[in-house]
Amino acid sequence: MGDNENAPQVFTNRFGDAGIPARDSCTCLARPYRTIGFHAERQDTTAPGWVRLLELIDEAAADGRTLFKPLAEMSAEERRQVITLPATIAKLTAVEHFVLYGSNLVRIPPEIGAMTNLTLFEPYTSYRLHWFPYEITRCAKLADSTVSTRALYGNYKYRPPFPATSDSADSTDGDVRGCSVCDGPVTRLHQVWITLAVGTDYLPLLVNACSADCVAALPPPAKGYAPTPHTGGSQG
């Protein structure tokens, strides 16, 4: 028997350089379940954390880096000030590995769909991030992810309800840029939920469609979840 055979196994902390999480509290999915709504917070675009994030995105876009860990380059207070990502993440077309460990995010914008080389997405322990935009399915190379799935609407473990959708863009903080399905203009919003396999997780995706035809064109939902796109207000 070797000398090291009984030694405890040591695992590498792959998020060790991501910075100490700095999050606000969230009781959205606390049981017993009640009527659930979207986080109402609005991004303060004058906050130092937001300004710093814009700078880091510009730097990453300019140098073409493939690994992007913006929160690791921000102070704890700066990280807490960021509750969404700017639309400029669309410039990060070279990024393959995107780390948002321990973020205070409550939403991600549809522009994430422009990160066409994204293969690994890790918003792990972002406990206030309960859903994702349908546009993330445009990241065709996304094959791996690390998401805190128990913080998600309709997750397999606890099946918490989804917020009821709306025909008003206000319910998603004005993030309707175009149709999630065809990318055309949205004059009358058809907003639905669908759960799909994204990376290695099953994610609740919010679809902002321009028509009933675009809703009908959605792929079949993941097995074991709501069998059709739905308008929330219930478990799925």
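List every residue pair whose Cβ atoms lie under 6 Å apart, where the two residues are 6 or more positions apart in sequence or sit on different chains, the first residue falls within region 211-236 and is closer than 17 Å to residue 155 by Cα, and the second residue, located anywhere, is in a helix (DSSP H, G or I) and aliphatic (A, V, I, L, M).
Short answer, once both residue conditions are applied: 229/215.
Here is a check on your reading of the model: is residue 70 surrounded by fewer than 19 Cβ atoms within 10 Å (Cβ to Cβ), touching a helix residue (DSSP H, G or I) at 6+ places or on another chain (Cβ under 7 Å), more than 29 Å from residue 233 (Cβ to Cβ) and not β-branched (Val, Ile, Thr)?
Spelling it out, it is not the case that residue 70 is surrounded by fewer than 19 Cβ atoms within 10 Å (Cβ to Cβ), touching a helix residue (DSSP H, G or I) at 6+ places or on another chain (Cβ under 7 Å), more than 29 Å from residue 233 (Cβ to Cβ) and not β-branched (Val, Ile, Thr).
Does region 105-128 hold any residues that are of a type in the set (Gly, Ala, Ser) and assigned to a loop (DSSP other than H, G, I, E, B), and which are they?
126
Here is a yes/no grid of residues against (1) surrounded by fewer than 20 Cβ atoms within 10 Å (Cβ to Cβ); (2) in contact with a His (Cβ under 9 Å, 6 or more places away or on another chain); (3) modelled with pLDDT of 95 or more; (4) outside any strand (DSSP E or B):
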{"residue": "103", "(1), (2), (3), (4)": "no, no, yes, yes"}
{"residue": "130", "(1), (2), (3), (4)": "no, yes, yes, yes"}
{"residue": "166", "(1), (2), (3), (4)": "yes, no, no, yes"}
{"residue": "180", "(1), (2), (3), (4)": "no, no, yes, yes"}
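Can you name the residue in region 182-209 that is open to solvent by 50 Å² or more (accessible area, probe 1.4 Å) and free of Cβ contacts under 8 Å to residues at least 24 places away in the same chain and is also nearest to residue 232 (Cα to Cα) among such residues?
Per the criteria, the residue is 188.
Could you check how many residues of region 123-149 are in contact with a Phe, Trp or Tyr (Cβ under 7 Å, 6 or more places away or on another chain) and in contact (Cβ under 8 Å) with a residue 60 or more places away in the chain?
4
Exactly one of these conditions fails for residue 175: (1) more than 16 Å from residue 215 (Cα to Cα); (2) open to solvent by 40 Å² or more (accessible area, probe 1.4 Å); (3) assigned to a loop (DSSP other than H, G, I, E, B); (4) modelled with pLDDT under 95. Give me its number.
(2)
When you go through (1) modelled with pLDDT under 95; (2) of a type outside the set (A, V, I, L, M, F, W, C); (3) touching a Phe, Trp or Tyr at 6+ places or on another chain (Cβ under 6 Å) one by one for residue 14, which number turns out not to apply?
That leaves (3) as the condition not met.
Given the options 93, 88, name the one that is outside any loop (DSSP other than H, G, I, E, B), over 24 Å from residue 27 (Cβ atoms) and open to solvent by 10 Å² or more (accessible area, probe 1.4 Å).
Residue meeting the stated conditions: 88.
So the check is Cβ under 7 Å with 6+ separation or different chains; which pairs have a first residue in region 41-58 that's over 13 Å from residue 78 (Cβ atoms) and a second one that's open to solvent by 30 Å² or more (accessible area, probe 1.4 Å) and part of a helix (DSSP H, G or I)?
Pairs that qualify, where the first residue is over 13 Å from residue 78 (Cβ atoms) and the partner is open to solvent by 30 Å² or more (accessible area, probe 1.4 Å) and part of a helix (DSSP H, G or I), are 57/88; 57/91.
Within region 212-229, identify whether any single residue is under 17 Å from residue 39 (Cα atoms) and either in a loop (DSSP other than H, G, I, E, B) or open to solvent by less than 70 Å² (accessible area, probe 1.4 Å) (or both), and answer yes or no.
no
State which residue is farthest from residue 96 (Cα to Cα) when the search covers only region 114-124 and only residues that are open to solvent by less than 10 Å² (accessible area, probe 1.4 Å) and more than 11 Å from the chain's Cα centre (by Cα).
Taking the candidates together, the pick is 115.
The values are calculated or read from the model by the stated rules, or taken from the named source; none is laboratory data. All values reported here derive from a predicted model rather than from experimental measurement. All Cβ positions, glycine included, derive from the backbone under ideal geometry; neighbour counts span all protein chains shown. With ligands, DNA and RNA removed, areas are computed over all heavy atoms of the protein, side chains included. Shrake-Rupley method; radii C 1.70, N 1.55, O 1.52, S 1.80 Å.
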